[in-house]
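Coordinate-derived values only; no laboratory data. On a predicted model such as this, the values are computed, not experimentally measured, just so you know. No Cβ is skipped: glycine too gets one built from the backbone with ideal geometry, and neighbour counts run over all protein chains shown.
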Amino acid sequence: MRGYLEVFFGIFLTFLSLACMAPTKAADSPQQRLEDVHRNIDVLRKSIDKNERELTREKKGLKEVDRSLGRISRSLRQLKTRIKAVRKRVDELEQRSVQEERRLAVHRATLRAQVLERYRLGRKGELQLLLDKRGKTPDGRLLVYHQYLSKGLSRELRVVKDSLADLEKTAAEKRLAEQRLTRLIADRGRTRKQLKRDEARRKVLVASLDDALKDKQSRLKAATENERKLTELIRQLGRAKPVPRERSQGRFADQKKKLLWPVDGKIATKFGQRRNREGLRWNGITINAASGSPVLAIYSGRVVFADWLRGFGLLLIVDHGAGYMSLYGHNQSLYKSVGDEVVQGEEVASVGRSGGLTKPALYFEIRHNGRPENPQRWCKKE
């Protein structure tokens with residue numbers, strides 16, 4: 001009986017080891033690992049949102065309106081790019097049309113001159129050109145000149161015809177481009193109206209939330225809970241195996257005092273500064289900047305989080321490898337998605353007021369293995 005048990009246990013261990021090896025092999029694939037990251041993020045997002053019932057109506061509304069404003073701002077940015085491209089195309093077509101009209105005018109003048117010359121030579125008829133008054137063959141040079149005029153006239157007629165066709169084609173293309181430009185401008189107008197409506201709605205929601213958090217204890221509780229959620233998020237992200245990046249600039253650890261600042265602006269709160277009398281301190285810095293200002297990736301990496309998080313609004317987190325991450329919060333809009341690779345200096349978001357801010361600012365953190373680092377020790381001196 002004991003022998004049977006040993007055999008059965010051996011077979012069971014063999015199957016168990018094979019089962020454990022299978023996912024490891026699949027995980028070696030960068031694409032599979034990237035898909036795993038997406039799945040982990042989905043699970044994490046559901047975990048973050050599982051307490052939605054605990055959120056007040058105002059907090060739910062703020063989350064929805066922040067996300068909506070992010071989409072609208074991104075749409076406006078895309079419309080701006082498309083309008084600029086179409087306007088450039090209209091200008092190019094206008095210049096081409098002017099050039100084609102000038103060429104056509106030159107060819108028309110040449111054609112007119114050739115027609116007049118042909119008329120002058122042939123006004124008595126082509127048969128009379130073959131014989132002079134004495135019935136003798138005229139000078140051969142005159143015949144050659146007549147043939148040259150005939151060929152030139154035919155050639156210029158073809159050129160004028162082709163030029164007219166090109167001009168008409170350019171005019172038609174220009175009309176289509178202008179119609180497209182008109183539609184894009186109308187779309188931009190409607191989108192801006194929606195943006196104003198959502199901004200007005202957010203203003204009301206933020207005011208309601210401020211009224212609900214008037215007492216210090218409520219504010220401390222909210223700030224502590226927000227920080228706990230962010231710390232848990234980063235801890236969960238740190239568990240995911242990093243996906244190999246296509247580009248590399250070296251080690252993040254070697255970049256102290258060399259990194260870019262994510263945005264131009266004035267530092268409003270510093271790392272380690274007290275947030276309140278109860279002892280809660282800032283784990284990053286807040287930089288005041290104009291709404292819509294570009295937010296740049298401080299270093300190359302891969303986006304591991306791009307969504308709304310309570311207390312931080314539209315949040316983007318970039319994994320730089322070796323346990324280093326950079327965080328960009330309170331954005332107006334996010335231009336990157338989970339799994340996207342970014343390079344140093346690339347525009348990844350825009351400054352905003354999402355998450356309940358009353359003035360536009362960027363909240364910026366650097367973390368190593370989940371521990372906050374002072375960004376001012378990493379970024380270049382101003």
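Can you compute the modelled spin-label distance between N288 and R235, with each label point 7 Å from Cα toward Cβ, in nm?
Distance between label points: 3.5 nm.
Give the residues of the stretch 339-360 whose amide nitrogen is closer than 14 Å to a point set 7 Å from the Cα of K258 in the direction of its Cβ.
344
Once the Cβ-Cβ distance between E347 and E225 is put in as r, and R0 is 35 Å, what FRET efficiency do you end up with, to the nearest 0.05? Each step should come with its number before you reach the end.
Working: r = 31 Å, r/R0 = 0.90.
Approximately 0.65, to the nearest 0.05.
Might you report the magnitude of the Cβ-based charge dipole of the stretch 215-382 about its Cα centre, with Lys and Arg at +1 and Asp and Glu at -1, to the nearest 20 debye? Let's see the in-between values first.
Details: 30 positive and 17 negative charges, 147 e Å.
For this selection, approximately 700 debye.
Which value in nm describes the separation of the simple spin-label points at A85 and K359, placed 7 Å from the Cα toward the beta carbon?
Taking the simple label geometry, A85 and K359 are separated by 3.8 nm.
If packing is taken as the average count of other Cβ atoms within 10 Å, what order do 363-375, 312-324 fall into, highest mean first? Walk me through the numbers on the way to the answer.
Values: 363-375: 18.5, 312-324: 22.2.
Those peptides, ordered most packed to least, come out 312-324, 363-375.
At a Förster distance of 30 Å, what's the computed FRET efficiency of D166 paired with R77, Cβ-Cβ distance as r, to 0.05?
Numbers: r = 36 Å, r/R0 = 1.19.
Taking R0 as 30 Å, the efficiency between D166 and R77 is 0.25.
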